[in-house]
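The values are calculated or read from the model by the stated rules, or taken from the named source; none is laboratory data. Please read these numbers as outputs of a predicted model, since none were measured by experiment. We place every Cβ from the backbone using ideal geometry, glycine too, and count neighbours over all the protein chains shown. Surface accessibility is based on the protein's heavy atoms, side chains included, excluding ligands, DNA and RNA. Shrake-Rupley method; radii C 1.70, N 1.55, O 1.52, S 1.80 Å.
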Amino acid sequence: MRTLSILLVLTSAAVAQSAPSTREMNDLNWMEFAELVPARISTVLLPTGTLEGHGAANNGADNTAPLAIARQMAPRVNALVAPVVPYGVTGSLDGFAGGFTISEAAYRAYMADVLANLARLGFRNIIVVNGHGGPQTAILNDLAESTGRAHRVRTLVVNWWSYCSDVTLKIFGEDGGHAGWNETAFLQAIDPKLVHPERYSDSLATPRPPAGTWSAYPFPSPIILYQPGQGYVKFDQAKADAYFKAVVDKMTSLVADTIAKWDKAKIFDPR
């Protein structure tokens, strides 16, 4: 019994010593970073988003969501979390108060350097957890592929709300929307103070127009429903918490499975 107790203490000490002091790149000391990457950690999660109107939620919802996902995933896939890139190519909602947009040329050049530096630092797996759609997605997909090819690193770009659309249907029984029930619930689960039910009304929502029918700048509503009659916000904390957990689980499974398949195929294996 005494021997077992000693072994448990030694094992716990070894685990504690091997764990990084933080998963946040922003908070690591340079000496600890050198010890961790790439010898012990070869994966980085890069949250990307923008600032734009989000109905009854915070303007920075597209930053808050991917950062929270990355922080939950990091210990489960043995990754570090890079600082969030908070400014993006916003599109038709940048006219709402507090909206912010970067030109495609500037964003493309900046993100190309961000990805190249993550590769230069020694990460083999660069996972972009993207929180904003529109033209930004295509830019990130292109840059990630170019970075992977040029630097012989493995890259993955995931738009969390789109990849988890089946989770939305399962939890809420209907489709969601930009700043709709699903996204607002996700933010409610992260921090209820970021959501303002007293400011919400269904009049803040407009269904997304079918392709080729009409276009407006700015879009007339900060809540854009994916399907007419679906996605109006209801503030249900239990469903919000269940949605958050299910999204994180599905995102984690995708990242873990993708890395495992890269490893099995020995893609860009340095050995």
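Trypsin sites (Lys or Arg not before Pro) within the range 14-80: which are DSSP loop residues with at most 13 other Cβ atoms inside 10 Å?
Sparse-neighbourhood loop trypsin sites (Lys or Arg not before Pro): ARG40.
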Contact order relative to length of the chain, as percent, for alpha carbon pairs under 8 angstrom and 6 or more apart: 20 percent
Under 15 Å, Cβ to Cβ, from ALA189 - net charge with Lys/Arg +1 and Asp/Glu -1: +1
Reachable lysines from LYS234, criterion Cα separation under 17 angstrom, eight or more residues apart if same chain: LYS170, LYS193
Proximal aspartates and glutamates to LYS250, defined as alpha-carbon separation beneath 14 angstrom and excluding residues fewer than eight positions away on the same chain: ASP166
Where the chain is the region considered: accessible area per residue in Å², 1.4 Å probe: 49 Å²
The chain, helix-only ellipticity at 222 nm - DSSP H runs n ≥ 4, -39,500 (n - 2.57), divided by all residues, nearest 500: -14500 deg cm²/dmol
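Where in the chain are the helices, taken as whole DSSP H runs, whose Cα atoms extend 30 angstrom or more along the long axis and whose Kyte-Doolittle mean reaches at least -1.0? Could you put the intermediate results ahead of the total?
Working: long enough: 237-264 (40 Å, -0.18).
Helices meeting the span and hydropathy rule in the chain are 237-264.
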